[in-house]
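Since the structure comes first, as structure tokens, the remarks are kept for the end.
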Protein chains: 2
Amino acid sequence: MSLRSDRPSLRIRKVSLDTGRENIAVVSRRSQALRPEVFQAFARVELRSNGRVLLATLVISDDDRFVAPDEIGLGEPAFRRFAGAVGDEVTVQPALSPASLDSVRAKIQGETLSDEEIGAIVKDLVAHRYSDMEIAAFLIGSASFMSSDELLALTRAMADAGTRLTWPTAEVVDKHCIGGIPGNRTSMIVVPIVAAHGLVIPKTSSRAIPSPAGTADTMETLARVDLGMDEMKAVVAECNGCLVWGGHVNLSPADDILISVERPLSLDTREQMVASILSKKLAAGSTRLLIDIPIGPSAKVADAAEAMRLRKLCEFVGDRLGIRVEVVTTDGRQPIGDGIGPVLEAADVMAVLRGEPTAPRDLREKALRLAGRLLEWDPGLRGGAGYDRARELLDGGAALKRMEKIVAAQGPTGCRAELGRLSRDVTAPRDGRVAAIDCLAINRIARTAGAPIDAGAGLKIFKKIGDRVEAGEPLYRIFADDETGRDLAFAKATADAGYELASIDAGEGTR
Amino acid sequence: MSLRSDRPSLRIRKVSLDTGRENIAVVSRRSQALRPEVFQAFARVELRSNGRVLLATLVISDDDRFVAPDEIGLGEPAFRRFAGAVGDEVTVQPALSPASLDSVRAKIQGETLSDEEIGAIVKDLVAHRYSDMEIAAFLIGSASFMSSDELLALTRAMADAGTRLTWPTAEVVDKHCIGGIPGNRTSMIVVPIVAAHGLVIPKTSSRAIPSPAGTADTMETLARVDLGMDEMKAVVAECNGCLVWGGHVNLSPADDILISVERPLSLDTREQMVASILSKKLAAGSTRLLIDIPIGPSAKVADAAEAMRLRKLCEFVGDRLGIRVEVVTTDGRQPIGDGIGPVLEAADVMAVLRGEPTAPRDLREKALRLAGRLLEWDPGLRGGAGYDRARELLDGGAALKRMEKIVAAQGPTGCRAELGRLSRDVTAPRDGRVAAIDCLAINRIARTAGAPIDAGAGLKIFKKIGDRVEAGEPLYRIFADDETGRDLAFAKATADAGYELASIDAGEGTR
């Protein structure tokens, strides 16, 4: 027997409630579509309309201005994901947990999952069938232990769950930094060098969360970055390389979903990091990948032993997925370059490409070193010749020219790229020598100033480790677009400037 | 320096959005109090007003009907928990994760937590400082392994985090059933018997989630159950016992919070069950506790080995917390009593207390057995005399009289307690013998009919295991208050009636 007609349908309405990632559906408490025994607030419901299905978290309202009894209110992102029109008829029923959640429970109990089970979990994740709590359950169940085979299956399933890019060349090189270091915009120098040499390097980057600027944010001050797949391919065909935002191309969407829950929980396991990086690169069609692991007390990786574990895992998964992975460890004790924030970092990058005398040497050297390693994948440049070739392409102006070509090909940016109009200096409290810089504190201050949303906000660093400073001398300058940002960032810097000063003669310092 | 004045405050407004358990705060996208670098939708924020603090999940709106740019909208339960007035000024800042979340992360990584760490987690839980995701992280981190000492610390911390009841007598007896069996309202018979004998038995019960009726729901059809602590004490002083809803007395509120997340995740670990039961009983001031573990294929505990593990754990924790625990295992293969749903179960209970010939024998026998065990804690009744004494009190009418006294003392109920006006029979598809009854299916059908929200909805069972049935003969009758409930429940029963029939001659049956 069919009782579908007994369950009243509701008409879609858009409610202006932005929940970021979790789907929310608002229903009137007086709605005939709600059976009291099965619906309670914050339970999961399944919406159906014309063959489309969406799982959402139920919020109940008594206010007819939000939803009338015969309506269902969808907030952002639920309205967008459901892809229905206002007024469409929807039926609501209690959501059954996705079947793959049984595998998550098994994992929590210590079992090892099969490729199929992991594949089903990733499929349900990408279909937004998991609530935040259920995503957390999967992440935490996997956090205590994950076998190499499970990691491999997870990475592959994540790559398969979104767009897979293909390229006409046999070799596609790529680089990735595990992040955490302020500044450090090497990709925007490495890509034009490597592309100018002739290797294909279609770089997709993330926006900055939780750092004050990602490569996509910084590149966006110079050119458009939200290219679709075909546009991206056209740019690469013309320039050998590109510097675009990966979000628009839908590479490994499961990764974005997992990260949206990892971040508020501050869960950061090695396995998740490897699955995240390699699923994106596999989806991007990379065949050779250079991974930069900065090591430092306030970096993501604190010591060489941890870097080695991460390296082994990357190599293991890369090997089996057909990506040749090379890992380099770099100095992650302090910011790379002088600017922190999109506009300031873009200025550093362009200064290096233009060979300006004030260009930050550390950024230049690191970019040359990474580009050199990538270039040595050219059979003609093996055995240490890569660095010299990279320097030749940079100093001879070929890299700058290639960057200008990429910028032109990607098109003009829509974002206002001016340095913040307000500034304030953070000064040394006493004479000394810079003994340490806390990358986390520097990131927080730059974000508080407004970066990356305000592209011109951030910090200009004047002093690095080893530099002598006198009391009252500026350590860095805060830039912001508004007084609140400037003052809040300054207050944060006053509480903890992120600098450790050592006495000139003694070894130990205090902040 | 203080910059508090730079951060604009918002005025509290109530928005009609019921989220059940998670705190939600709605803020306008144009609000000056939102700094873009630190606020994103579904991030956690900290609200402060006159020394009060509340953590909430941020929802951003563009609709001034929800919130104007200078307002902050609090839904239920956030408005109630914050205990502020409409129009109060509130400052908003990004919420730092509670410090105890570091211990949760350590637990996820396999560490064992100290008493202090567990105490801090429970304190933050009860202060609503944990998001659902963070609660899930704690539960899942603990699900794979929890040491006896951790379990002990958790139970103690949970009991300490709410009201602790104290009683004038040295011994306070109590009973608890781990649940899952439809019907099974023994407490409402056991309490009057034991109280009539003279032992003190202040019974607090939960409402039914996810079953079709809890003891509190069923008792509420006869008397008021939402008594405060002083009212409860007065009833116990007068009657030796009571049958009240525990929710109003705030016993182990951390338990309710953990359960609200365990349930949607279908996490049900032994340790959490023991901490849940014993923290409530410790908080209730019980010194002796009888725990009923029904065993059956569709009960919470499927076999004797699992029951034994649970018993050992209960005894271990009880011993150390000063509660003498006795565990009995009972038949959990089918419903106990004939009625499922508050009104129907109350009718069974009163029929047993009144000694009516139609009273369900299984309910009577189980209640006498449990009451007998409790009575033997009276030094004068050791060695098996408890059962006879219980029968004497029941058959002589003392238990009924005591029940009437308790009902009068608790006061008249506000709930409408009439049997559902609509009904429909579910019949046997063929001749046979009842081989098995699926408790989960029976619970689902009764809930779909409307129980426990509609107190008169539910099922009246006609056939139990071993009974012969003829094709077309009713197995049970569905009662409901409205056609939707009746028809949806009937549709569920048509898909799966929850009965397994065996052929009269053969051993095996099919549904």
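The values are calculated or read from the model by the stated rules, or taken from the named source; none is laboratory data. This is a predicted model, so every value here is computed, not measured. All Cβ positions, glycine included, derive from the backbone under ideal geometry; neighbour counts span all protein chains shown.
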Any chance you could count how many residues in the range B:142-174 are within 14 Å of chain A (Cβ to nearest Cβ) and either among the aliphatic types (A, V, I, L, M) or on the phi > 0 side of the Ramachandran plot (or both)?
-> 2
Does B:Glu345 satisfy the criteria of being assigned to a helix (DSSP H, G or I) and surrounded by fewer than 24 Cβ atoms within 10 Å (Cβ to Cβ)?
-> no
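Per-residue answers, yes or no, for (1) within 14 Å of another protein chain (Cβ to nearest Cβ); (2) touching a residue at least 24 places away in the same chain (Cβ under 8 Å); (3) under 12 Å from the mean Cα position of the chain (by Cα):
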{"position": "A:Leu222", "(1), (2), (3)": "no, yes, no"}
{"position": "A:Met232", "(1), (2), (3)": "no, yes, no"}
{"position": "A:Asn240", "(1), (2), (3)": "no, yes, no"}
{"position": "A:Gly246", "(1), (2), (3)": "no, yes, yes"}
{"position": "A:Ile257", "(1), (2), (3)": "yes, yes, yes"}
Residue set A:Pro297, A:Pro335; condition touching a Gly at 6+ places or on another chain (Cβ under 9 Å), surrounded by fewer than 17 Cβ atoms within 10 Å (Cβ to Cβ) and not charged (D, E, K, R); output residue A:Pro297
Only one residue in B:Ser206, B:Ser211 is of a type outside the set (A, V, I, L, M), assigned by TED's automatic domain parsing to the domain that holds B:Leu267 and free of Cβ contacts under 8 Å to residues at least 60 places away in the same chain. Which one?
-> B:Ser206
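Inside the range A:369-380, can you point out the residues that are surrounded by fewer than 23 Cβ atoms within 10 Å (Cβ to Cβ) and in contact (Cβ under 8 Å) with a residue 60 or more places away in the chain? Quick ask: steps written out before the conclusion?
Initially, the range A:369-380 is screened for residues surrounded by fewer than 23 Cβ atoms within 10 Å (Cβ to Cβ), giving A:369, A:372-373, A:376-380.
If the condition is that a residue be surrounded by fewer than 23 Cβ atoms within 10 Å (Cβ to Cβ) and in contact (Cβ under 8 Å) with a residue 60 or more places away in the chain, then A:Arg373, A:Trp377, A:Asp378 are the ones that fit.
Out of contact with any helix residue (DSSP H, G or I) (no Cβ under 8 Å at 6 or more places or on another chain), outside the structural domain of A:Pro77 (by TED's automatic domain parsing) and crowded, with 17+ Cβ neighbours inside 10 Å - does that describe any residue in the range A:271-280?
Checked the range A:271-280: no residue is out of contact with any helix residue (DSSP H, G or I) (no Cβ under 8 Å at 6 or more places or on another chain), outside the structural domain of A:Pro77 (by TED's automatic domain parsing) and crowded, with 17+ Cβ neighbours inside 10 Å.
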Residues located in the range B:377-413, provided they are of a type in the set (D, E, K, R) and modelled with pLDDT under 95 | B:Asp378, B:Arg382
Is it fair to say A:Gly162 is touching a Ser or Thr at 6+ places or on another chain (Cβ under 6 Å) and either within 26 Å of A:Arg373 (Cα to Cα) or assigned to a loop (DSSP other than H, G, I, E, B) (or both)?
-> yes
Taking the stated definitions as given, is A:Met158 in contact with a helix residue (DSSP H, G or I) (Cβ under 6 Å, 6 or more places away or on another chain), crowded, with 20+ Cβ neighbours inside 10 Å, closer than 27 Å to B:Gln109 by Cα and free of Cβ contacts under 8 Å to residues at least 40 places away in the same chain?
-> no
Within the range A:120-132, is even one residue within 25 Å of A:Val327 (Cβ to Cβ), in contact (Cβ under 8 Å) with a residue 40 or more places away in the chain and away from chain B (no Cβ under 14 Å)?
-> no
Name the one entry in B:Asp256, B:Asp268, B:Asp230 that is surrounded by fewer than 23 Cβ atoms within 10 Å (Cβ to Cβ), of a type in the set (Asp, Glu) and part of a loop (DSSP other than H, G, I, E, B).
-> B:Asp268
Those residues that are within 25 Å of the chain's Cα centre (by Cα) and either of a type outside the set (A, V, I, L, M) or over 18 Å from A:Leu400 (Cβ atoms) (or both), I need them from the range A:361-371; list them, please.
-> A:Asp362, A:Arg364, A:Glu365, A:Lys366, A:Arg369
Scanning the range B:106-146 residue by residue, those modelled with pLDDT under 95, assigned to a loop (DSSP other than H, G, I, E, B) and buried (at least 18 other Cβ atoms within 10 Å of the Cβ) turn out to be B:His128, B:Arg129, B:Tyr130, B:Ser131, B:Ser144, B:Met146
Limited to the range B:78-100, what total is found for residues that are within 27 Å of the chain's Cα centre (by Cα), part of a loop (DSSP other than H, G, I, E, B) and more than 22 Å from B:Ala137 (Cα to Cα)?
-> 1
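Has the range A:431-446 got at least one residue that is among the hydrophobic types (A, V, I, L, M, F, W, C), surrounded by fewer than 19 Cβ atoms within 10 Å (Cβ to Cβ) and touching a Lys or Arg at 6+ places or on another chain (Cβ under 9 Å)? Give the derivation first.
Step one: list which residues in the range A:431-446 are among the hydrophobic types (A, V, I, L, M, F, W, C), which gives A:434-437, A:439-442, A:445-446.
Now narrow it down to the ones that are surrounded by fewer than 19 Cβ atoms within 10 Å (Cβ to Cβ): A:435-436, A:440.
Remaining after also requiring touching a Lys or Arg at 6+ places or on another chain (Cβ under 9 Å): A:436.
Yes.
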For the range A:235-242, does any single residue satisfy the condition of being surrounded by fewer than 22 Cβ atoms within 10 Å (Cβ to Cβ) and either closer than 26 Å to A:Ala307 by Cα or modelled with pLDDT of 95 or more (or both)?
-> yes
Restricting attention to the range B:89-105, report how many residues are at pLDDT below 90 and more than 18 Å from B:Asp124 (Cβ to Cβ).
-> 2
Please give the number of the condition B:Gly420 fails out of (1) in contact with a helix residue (DSSP H, G or I) (Cβ under 6 Å, 6 or more places away or on another chain); (2) within 14 Å of another protein chain (Cβ to nearest Cβ).
-> (1)
For B:Ala493, indicate whether it is on the phi < 0 side of the Ramachandran plot and either assigned by TED's automatic domain parsing to the domain that holds B:Gly214 or touching a Gly at 6+ places or on another chain (Cβ under 8 Å) (or both).
-> no
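Among residues belonging to the range B:24-63 that are in a loop (DSSP other than H, G, I, E, B) and more than 11 Å from chain A (Cβ to nearest Cβ), point out the one that is nearest to A:Ala489 (Cα to Cα). It would help to see each step written out before you state the result.
To start, the set of residues in the range B:24-63 that are in a loop (DSSP other than H, G, I, E, B) comprises B:29-43, B:50-51, B:62-63.
Pick out the ones that are also more than 11 Å from chain A (Cβ to nearest Cβ) and you get B:30-31, B:50-51.
Numbers: B:Arg30: 21, B:Ser31: 19, B:Asn50: 25, B:Gly51: 25 Å.
Restricting to residues being in a loop (DSSP other than H, G, I, E, B) and more than 11 Å from chain A (Cβ to nearest Cβ), the top hit is B:Ser31.
Give me the helices (runs of 4 or more DSSP H) completely within the range B:353-430, filtered to those with at least 3 residues that are touching a Phe, Trp or Tyr at 6+ places or on another chain (Cβ under 9 Å), ordered by residue number.
Here the list reads B:361-375.
Taking the residues in the range B:452-497 that are in a strand (DSSP E or B), within 14 Å of another protein chain (Cβ to nearest Cβ) and among the aliphatic types (A, V, I, L, M) as candidates, determine which candidate is surrounded by the fewest Cβ atoms within 10 Å (Cβ to Cβ). I'd like the intermediate steps shown before the answer.
Residues of the range B:452-497 that are in a strand (DSSP E or B), as a first pass: B:458-461, B:468-469, B:474-480.
Of the ones still in play, those that are also within 14 Å of another protein chain (Cβ to nearest Cβ) are B:458-459, B:478-480.
Narrowing further to those that are among the aliphatic types (A, V, I, L, M): B:459, B:478, B:480.
Working: B:Leu459: 30, B:Ile478: 29, B:Ala480: 27.
Per the stated criteria, the residue is B:Ala480.
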Checked against (1) assigned to a helix (DSSP H, G or I); (2) within 25 Å of the chain's Cα centre (by Cα); (3) within 14 Å of chain B (Cβ to nearest Cβ), A:Ser103 satisfies every condition except (2)
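Can you tell which of A:Val317, A:Val325 is in a helix (DSSP H, G or I) and either buried (at least 23 other Cβ atoms within 10 Å of the Cβ) or touching a Gly at 6+ places or on another chain (Cβ under 7 Å) (or both)? Even if it seems obvious, please write down each step before you answer.
Details: A:Val325 fails: in a helix (DSSP H, G or I).
That would be A:Val317, the only listed residue that is in a helix (DSSP H, G or I) and either buried (at least 23 other Cβ atoms within 10 Å of the Cβ) or touching a Gly at 6+ places or on another chain (Cβ under 7 Å) (or both).
Please specify each residue of the range A:100-119 satisfying the condition of being under 22 Å from A:Ala56 (Cβ atoms) and in contact with a helix residue (DSSP H, G or I) (Cβ under 7 Å, 6 or more places away or on another chain).
Here is the first cut: in the range A:100-119, the ones under 22 Å from A:Ala56 (Cβ atoms) are A:100-102, A:104.
Correct list: A:Ser100, A:Leu101, A:Val104.
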